[in-house]
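Taken together, the values in this text are just the output of simple stated rules run on the coordinates, not laboratory data. These numbers come from a predicted model, not from an experiment. Please note: Cβ atoms are built from the backbone with ideal geometry, for glycine as well, and neighbour counts cover all protein chains shown.
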Amino acid sequence: MDSDVNVDHLEEERNVDGLIIALKDQNYLTRKEAARALKRVGDERAVDALIEALRYKSWHSEYIILSAVRENSAEALGKIGDTKAIPALIHSMEDDPDEEVRLKAAWALGEMGDEEAVDALIAALEDNNWSVRRTAANALGMIGDHRAVPYLIKTLEDKDWHVRKYAAVSLGKMRDKKAIPVLLEAMDDEDADVRWKAMLALGKLGESAVPPLIKTLKDKNWRMRAKSAEVLGKIGGEDALHALINLLLGRTRDKNRHVRGKTAEALGRIGDEQGLEALKSVQKDEYKYVRDKADISIQKILKPHKEVRILNYDNGEVSLDYSEHWEMVSTSDAKKVLRGLYANNSITLSLNRNTDVAEISSQEFAEMLKDVFRIQGSEVVDERDFEKYGMEVYEIYGENHDVTPTSILIVSFKKNNLLYYLWFVGDPVAFQEASTDIEIMVDSFYIYG
């Protein structure tokens with residue numbers, strides 16, 4: 001059945017009323033395109049129509065395309081964020097026979113971030129489709145309600161690594177001490193990505209994770225000892241420092257070269273001079289791997305004693321400070337104002353400019369950026385927003401492991417009808433090393449006017 005409705009034109013004109021009518025068109029393909037268009041337009045006037053389009057009816061199973069209508073309707077509702085849609089989304093997540101629709105409903109509930117959805121999302125951790133379970137686990141982390149912690153802990157035993165991975169990510173976001181024992185176990189998961197996410201989660205738990213991590217330094221499994229040393233290096237503090245020093249000295253010296261190497265690396269990350277004696281002792285280690293790690297860490301600890309020049313970029317519209325570790329190059333592109341390269345080209349930076357964005361909030365721009373993350377196969381790990389110097393600031397930190405491990409940090413600054421954003425991409429280890437430099441840029445950034 002053909003339709004003469006031009007959905008592209010309706011979307012271009014942002015004709016919400018016309019798209020709502022198209023969402024009920026007799027042609028199912030037109031319905032699907034209308035739902036997709038409303039997802040992109042994101043107007044609250046369409047909420048009731050999208051809720052109706054989301055409802056599954058038994059005869060839908062005869063027309064596969066109608067599952068795409070429901071999928072896009074769920075996504076549109078998640079983007080719009082009207083909590084009136086929560087009951088309908090919960091119903092779809094629980095009862096729709098199509099796993100893609102259930103997945104998109106779970107995603108939408110996570111985007112809304114409302115605690116009303118927590119119980120239903122906990123139940124969805126038992127869905128028979130792994131992608132739905134994974135999305136529910138991630139959504140619970142976005143909402144952040146601690147009622148979900150025991151269920152996410154159990155989900156770390158899921159048979160699918162994708163689900164275990166997102167359970168670890170969510171537990172890291174919640175920073176609940178009850179998750180520490182299972183996150184320690186997850187550091188020995190059969191999947192590398194789950195192990196990495198468990199380590200990141202323990203790092204976010206901070207000082208509360210230090211005592212159990214120190215105990216794990218005596219584990220029979222050398223891989224567990226090495227990973228614990230690595231996480232202790234990320235957390236830092238006096239207790240972590242002395243436990244790591246002990247792994248390199250005297251009777252408590254670890255017998256495994258990989259553990260000693262990771263310990264030496266961790267001491268360099270902490271950067272305390274108290275670690276120098278232990279590091280100098282392993283400069284004579286029988287294994288080159290350990291000696292090299294010690295050399296690098298000693299250089300890192302001594303480096304702060306050298307004065308680093310802080311330079312300034314100012315083009316009359318924006319200003320920011322940066323250290324001499326960065327090479328900055330101005331561009332003639334009106335949108336890409338500045339390019340930067342960190343030492344050894346390990347991180348690239350671009351400063352980008354958008355104008356006439358008075359109607360777009362910092363939050364809305366962040367949602368657009370998160371869509372870019374998803375298209376690129378990257379995962380949003382953390383985000384925060386705040387105000388400074390009359391600017392709305394939004395930070396998004398993400399990771400991509402599709403080819404090589406990559407860290408991404410985007411920081412947007414909005415003031416009146418101007419929006420600038422810093423985009424950092426590069427090696428995760430270099431990100432740790434450059435954290436102070438990045439902080440200098442973000443803290444000093446200023447939009448004139």
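Please state, as a whole number in µm²/s, the translational diffusion coefficient that the Stokes-Einstein equation yields for region 162-266 at 20 °C and 1.002 mPa s, with Rh defined as the Kirkwood radius across alpha carbon pairs. Provide the component values of the computation, followed by the final result.
Details: Rh = 13.4 Å.
Result for D is 159 µm²/s.
Suppose R0 equals 45 Å. What FRET efficiency, 1/(1 + (r/R0)^6) with r the Cβ-Cβ distance, do LYS388 and SER131 give to the nearest 0.05? Calculated value: 0.70.
Going down the list LYS173/LYS370; LYS335/LYS414; LYS32/LYS57; LYS154/LYS178; LYS159/LYS262; LYS39/LYS104, which pairs span over 23 Å between their C-alpha atoms?
Values: LYS173/LYS370 17 Å; LYS335/LYS414 15 Å; LYS32/LYS57 16 Å; LYS154/LYS178 12 Å; LYS159/LYS262 30 Å; LYS39/LYS104 12 Å.
The answer is LYS159/LYS262.
Taking the Cβ of MET199 as the center, what net charge do the other residues with Cβ under 14 Å away carry, scoring Lys and Arg +1 and Asp and Glu -1? Mind dumping the intermediate values first?
Numbers: positive: ARG164, LYS165, ARG195, LYS197, LYS204, ARG223, ARG225, LYS227, LYS234, LYS262, ARG269; negative: GLU185, ASP188, ASP189, ASP191, ASP193, GLU230, GLU265, GLU399.
Residues close to MET199 contribute a combined charge of +3.
Comparing THR83, TYR166, SER73 along the charge dipole axis of region 31-181, the residue lying farthest to the positive side is TYR166, per the Cβ-charge model.
Each of ALA37, SER92, GLY110 was placed along the dipole of the chain (beta-carbon charges, centred on the mean Cα), and the one lying farthest toward the positive end is GLY110. Remark: the GLU44-HIS242 segment gains 65.7 nm on full extension, using 0.36 nm per residue and subtracting the alpha carbon distance. A cut-off under 11 angstrom between Cβ atoms defines the neighbours of LYS288, and their net charge, with Lys, Arg +1 and Asp, Glu -1, is -1. Per-residue extension of 0.36 nm, minus the Cα-Cα distance of ILE375 and ASP321, leaves a gain of 16.3 nm for this segment. Once the cut-off is 15 Å, how many percent of the Cα-Cα pairs in region 350-449 end up in the long-distance tail? Value for region 350-449 (Cα pairs over 15 Å): 60 percent. Working from label points 7 Å from Cα in the Cα-to-Cβ sense, the GLU12 to ASN344 distance is 5.0 nm.
Taking Cβ atoms as reference points and 13 Å as the exclusive limit, the residues near ALA278 contribute a net charge of -1, counting Lys and Arg as +1 and Asp and Glu as -1.
The label point for ILE21 and the one for SER361, both projected 7 Å from the Cα toward the Cβ, are 3.1 nm apart.
Please report the projected area of region 310-383's Cα convex hull averaged over all directions, in nm².
Numbers: hull surface 26.4 nm².
Average projection, Cα convex hull of region 310-383: 6.6 nm².
Computed from label points 7 Å out along Cα-Cβ, the spacing between LYS220 and GLU273 is 4.3 nm.
The slack between TYR287 and SER435, meaning 0.36 nm per residue of separation minus the straight C-alpha distance, is 50.3 nm.
The alpha carbon centroids of region 372-387 and region 7-79 are separated by 26 Å.
Quick check: convex hull of the Cα atoms in region 122-224, volume per residue, rounded to a whole Å³? Kindly include the intermediate steps, with their values, before the conclusion.
Details: hull volume 8.3 nm³, N = 103.
Dividing the Cα hull volume of region 122-224 by its residue count gives 80 Å³.
Each 5 Å bin, from zero up to the one with the longest distance, holds this percent of the alpha carbon pairs of region 125-176: 5, 28, 39, 21, 8, 1.
Shape verdict for region 261-355, please, from the Cα gyration tensor: rounded (a/c under 1.5), prolate (a/b greater than b/c) or oblate. Cα axes put region 261-355 in the prolate bin. Take the Cβ atoms of ARG147 and GLU94, set R0 to 22 Å, and the FRET efficiency comes out at 0.75.
All C-alpha pair distances within the chain, sorted into 10 Å bins from zero, spread as 4, 18, 24, 24, 18, 8, 3, 1, 0 percent across the bins.
Can you give the Rg/Rh ratio of region 241-316, where Rg is from the C-alpha atoms and Rh is the Kirkwood radius?
Values: Rg = 15.4 Å, Rh = 13.1 Å.
When Rh is taken as the Kirkwood radius, the ratio is 1.18.
Does anything in region 369-398 have its amide N under 17 Å from the 7 Å Cα→Cβ label point of GLU207, and if so which residues? No residue passes the distance filter.
Using the crude model of +1 on Lys and Arg Cβ and -1 on Asp and Glu Cβ, and no other charge, please compute the dipole size for the chain relative to its Cα centre, in debye to 20. Please report the intermediate quantities before stating the final value.
Details: 62 positive and 81 negative charges, 491 e Å.
For the chain, the charge dipole is close to 2360 debye.
From its DSSP helices (H runs of at least four residues, each -39,500 (n - 2.57)), the chain gives a residue-normalised ellipticity at 222 nm of -15500 deg cm²/dmol.
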